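Notes follow the structure.
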Amino acid sequence: MKKTILIAFMLVLGLGFAQAQTKDKDSMPKETTTIINLNKLCCNSSIPLIEKTLAYEKGVKTFEVSLEDKTVSVVYKTKSTSPDKIAKSLAKAGFEANGIEADEKAINRLPECCRNTARGLSSGCGHSH
């Protein structure tokens, strides 16, 4: 009899634990928004490269680049990516993102006017393309 009660108690306890775990997963939003700082963003010439990079980044739903604020607002799936992964992909494309240094080889593929800015030197962009 004690064995039956113990098994029943463990079964109830196990179901309660499983239900608690399900609630935690459900409470995490499926999509969220992050702002990525692009402190060395130069001009409109860079925006197509940022758009192409984010378009191919797994989990990114939508994004909006602000040249004025030097940021990109990204809506992404929380199960597929993270702000760190997004910033790293932008850095691989030649853009310093959230303090992650841009890849030097990728900087060389940026529009000529944006290369010095990407390296932290004086801007070659005296105008918006």
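The values are calculated or read from the model by the stated rules, or taken from the named source; none is laboratory data. Fair warning: this is a prediction, and the values are worked out from it, not measured in the lab. Here the Cβ is made from the backbone with ideal geometry for all residues, glycine too, and neighbour counts use every protein chain on show.
Things worth noting here:
- Across region 99-109, the qualifying residues are those that are in contact with a Lys or Arg (Cβ under 7 Å, 6 or more places away or on another chain) and assigned to a helix (DSSP H, G or I), and the one among them that is surrounded by the most Cβ atoms within 10 Å (Cβ to Cβ) is Ile107.
- Selection from region 54-98 of residues that are assigned to a strand (DSSP E or B) and of a type in the set (Ser, Thr, Tyr): Thr62, Ser66, Thr71, Ser73, Tyr76
- Some residue of region 113-121 being of a type outside the set (D, E, K, R), modelled with pLDDT of 95 or more, surrounded by fewer than 16 Cβ atoms within 10 Å (Cβ to Cβ) and in a loop (DSSP other than H, G, I, E, B): no
- Checklist (1) surrounded by 15 or more Cβ atoms within 10 Å (Cβ to Cβ); (2) at negative phi; (3) at pLDDT 90 or above applied to Gly59, failing item: (2)
- With respect to the conditions (1) out of contact with any Gly (no Cβ under 7 Å at 6 or more places or on another chain); (2) within 22 Å of Ser122 (Cβ to Cβ), Pro48 falls short on a single one, namely (2).
- Scanning region 28-40 for residues that are touching a strand residue (DSSP E or B) at 6+ places or on another chain (Cβ under 8 Å) and either within 17 Å of Lys92 (Cβ to Cβ) or assigned to a helix (DSSP H, G or I) (or both) yields Ile36, Asn37, Leu38.
- Residue check for Asn39: in contact (Cβ under 8 Å) with a residue 12 or more places away in the chain and in contact with a Gly (Cβ under 9 Å, 6 or more places away or on another chain): yes
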